[in-house]
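Notes follow the structure.
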Amino acid sequence: MPKPFIALIAITLLISTFLVWENSLKPAQAQPTITLPEFSLPDLAGTIHPISEWHGKILVINFWATWCPPCLKEIPEFIELQAEYAEQNVQFIGIAIDDADLVADYLSFSNINYPVLIAESEGAELSQKLGNTIKAIPFTALVNRQQEIIFYHPGELSKQRLQELIIGALGT
């Protein structure tokens with residue numbers, strides 16, 4: 001390779017690294033608040049649950065699938081947080097973007113302590129209405145008592161970060 005070409009690549013990498021570093025120093029920008037849309041989904045037994053069933057609670061809505069390793073990694077942490085904050089009116093809701101039979105198989109050996117609703121392929125469209133502009137999975141949205149989505153996150157969300165958000169929502 002010619003030396004000018006190698007130098008150009010090196011300079012491009014250096015500038016890219018600097019821009020990423022500089023962007024990481026900026027404070028996180030506030031996400032626009034989205035009103036939680038009304039929707040209803042079935043659980044595995046076929047019982048339809050309107051989201052209004054949980055109005056007045058702080059909701060952690062998580063879109064997941066059985067074939068998604070980061071999704072499955074989050075679930076034990078969500079179970080712990082649900083147990084920790086249930087008495088403070090925090091309700092986790094899992095929305096499976098998956099086949100009901102696969103979800104039933106997964107739930108048969110996991111001890112999820114929060115409702116799991118089945119959205120199958122329609123879940124991707126619903127997650128977009130909650131702020132998932134890049135159609136990522138997992139996707140988590142935090143909803144305050146006024147039914148406003150105050151935080152949403154495409155991809156895996158750490159237990160520590162989610163706990164900080166829940167504590168913040170409890171204080172409002």
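The values are calculated or read from the model by the stated rules, or taken from the named source; none is laboratory data. These numbers were taken from a predicted model, which means no experiment stands behind them. All Cβ positions, even for glycine, are placed from backbone atoms using ideal geometry, and neighbour counts span all protein chains on display. Surface areas here come from the heavy atoms of the whole protein model, side chains and all, with no ligands, DNA or RNA. Shrake-Rupley method; radii C 1.70, N 1.55, O 1.52, S 1.80 Å.
A few comments on the model shown:
- Long-range HN-HN contacts of Phe92 with modeled amide H, under 5 Å: Val60
- The H on the amide N of Ile150, modeled in the peptide plane, is under 5 Å from the matching H of Leu142, Val143, Asn144, each at least 5 residues off or on a different chain.
- Residue among Ile75, Gln147, Trp54 farthest towards the positive dipole end of the range 33-172, charges placed on Cβ: Gln147
- Taking a ≥ b ≥ c as the square roots of the eigenvalues of the Cα gyration tensor, an a/c ratio below 1.5 marks the range 37-172 as rounded.
- Computed over protein heavy atoms with a 1.4 Å probe, the accessible surface of the range 49-172 works out to 45 Å² per residue.
- In order along the range 145-150, the Karplus-derived 3J(HN,Hα) couplings, from 6.51 cos²θ - 1.76 cosθ + 1.60 at θ = phi - 60°, round to 5, 8, 6, 10, 6, 9 Hz, and Gly and Pro are given as x.
- Prolate/oblate/rounded label for the range 101-172 (Cα gyration tensor, a/c 1.5): oblate
- Expressed as a whole percent, the accessible area of the range 83-172 that falls on carbon and sulfur atoms is 48 (1.4 Å probe).
- Here the 3J(HN,Hα) profile of the range 79-94, calculated from phi with Karplus coefficients 6.51, -1.76 and 1.60 at θ = phi - 60°, is 4, 4, 5, 4, 5, 5, 10, 4, 6, 9, 6, 9, 10, 7, 9, x Hz, Gly and Pro shown as x.
- Using the Cβ of Pro50 as centre and a radius below 13 Å, the other residues enclosed give a net charge of -3, where K and R count +1 and D and E count -1.
- Estimated vicinal HN-Hα couplings, Hz - the range 134-139 in sequence order (Karplus 6.51, -1.76, 1.60; Gly, Pro = x): 9, 6, 7, 9, x, 9
- Neighbours of Ser40, meaning other residues whose beta-carbon lies under 13 angstrom from its beta-carbon, give a summed charge of -4 when Lys and Arg score +1 and Asp and Glu score -1.
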